[in-house]
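Only one structure is covered here, and it is reproduced in the block below.
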Amino acid sequence: MLNVYICEDNERQREQIERLVSHSIIKHKLDMEVACSTGDYRELLEQSGKDGHPSLFLLDIDLKADINGIQLGGMLRDRNPDCLIAFITTHSELSYLTFQYKVEAFDFMIKDDPGQFALRLEDCLCKAYERHLKKGGDPRRMTIETEESIINVKYEDVLFFETSFLPHKIKLHERNRQIEFYGTLKELETQLDDRFYRCHKAYIVNLDNIREIDKRKRIILMANGETCYVSFRYYGGLVQAMKERMGESP
């Protein structure tokens, strides 16, 4: 997931940017969402980075405030050196300020021509998403296609999979979201690595994200507080798999 944050003091222009971003996300099936859209830079600073997802900031330069957008970008860069920052303005001559404030700009978009601006913003979003996918972390990931999006999910972010109430569908649980897609747990078992264990006919769990197991009730408590179940049949194998995962002797 790549979060998009918008800071634009003009309400009409801000709403237009939101629409363009949402349209591009749907058009290109990007695993992105608008996490915050505001005209108040203080609100953006308060909201940004709360869920730990990587971020793309779309910042107007002239915020009609006590700081400008490039100064805001510098503050965001100090907080998160890896974030992507794109500036939006009607004043192309202000681009020199990015050097003055030592803010690495991912893009610099002029909004005078609405048609060209829309194309430039769409291109910016696609390139930001490509860069996001190329970044490090756990290299193992899976690609899930839903009716709306194509989503790249890191194995390390998965808590568990469960069969959905809808026929032929699986529900993936991450720390901050759930995704439903077509498939079966039997098919998934052949794709996943040894951090995953089939603990129930309806569940596959990520061993690395288990917090504890209630032995009497056979309930698995995950790192984010969610729960799933382990059946009597799979309980012994689950405990053994957890020990092996931790490097303990049998």
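Listed values, structure above:
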| item | result |
| --- | --- |
| Residue 154 - accessible surface, heavy atoms, 1.4 Å probe, Å² rounded to 10 | 50 |
| Solvent exposure, largest accessible area first (probe 1.4 Å, DNA, RNA and ligands not counted), of 199, 126 | 126, 199 |
| Out-of-range pairs (alpha-carbon distance over 19 Å; input 154/217; 169/215; 27/127; 27/135) | 154/217; 169/215; 27/135 |
| Folded to 0 to 90 degrees: helix 232-245 orientation relative to the chain principal axis, Cα | 60 |
| Accessible surface of the chain [probe 1.4 Å, protein heavy atoms]: carbon and sulfur percent | 48 |
| Between 0 and 90°, nearest 10: helix 69-79 axis offset from the chain longest Cα axis | 30 |
| Accessible surface ranking that places the most exposed of 131, 198 first, with a 1.4 angstrom probe | 131, 198 |
| Inter-label distance for residue 188 and residue 22, nm, one decimal - labels placed 7 Å from Cα along Cα-to-Cβ | 3.0 |
| Semi-axis lengths (Å, descending) of the ellipsoid that matches the C-alpha gyration tensor of the chain | 43, 19, 15 |
| Radius of gyration, Dmax [the range 2-133; alpha carbons; angstrom] | 13.3, 37 |
| Ellipsoid semi-axes in whole angstrom, largest first, where each is sqrt(5λ) of the Cα gyration tensor of the range 141-248 | 23, 14, 13 |
| Per residue, in Å², the accessible surface of the chain once ligands and nucleic acids are set aside, probe 1.4 Å | 55 |
| Accessible area in the full protein assembly, largest first, 1.4 Å probe, for 75, 246 | 246, 75 |
| The range 1-71 and the range 183-215: distance between their alpha carbon centers, rounded to Å | 36 |
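The values are calculated or read from the model by the stated rules, or taken from the named source; none is laboratory data. Every value quoted in this text rests on a predicted model; they were computed, and no experiment measured them. Ideal geometry is used to build each Cβ from the backbone, glycine not excepted, and the neighbour counts take in all protein chains shown. When the accessible area is computed, the model is the full protein with side chains, heavy atoms only, and any ligands, DNA or RNA have been set aside. Shrake-Rupley method; radii C 1.70, N 1.55, O 1.52, S 1.80 Å.
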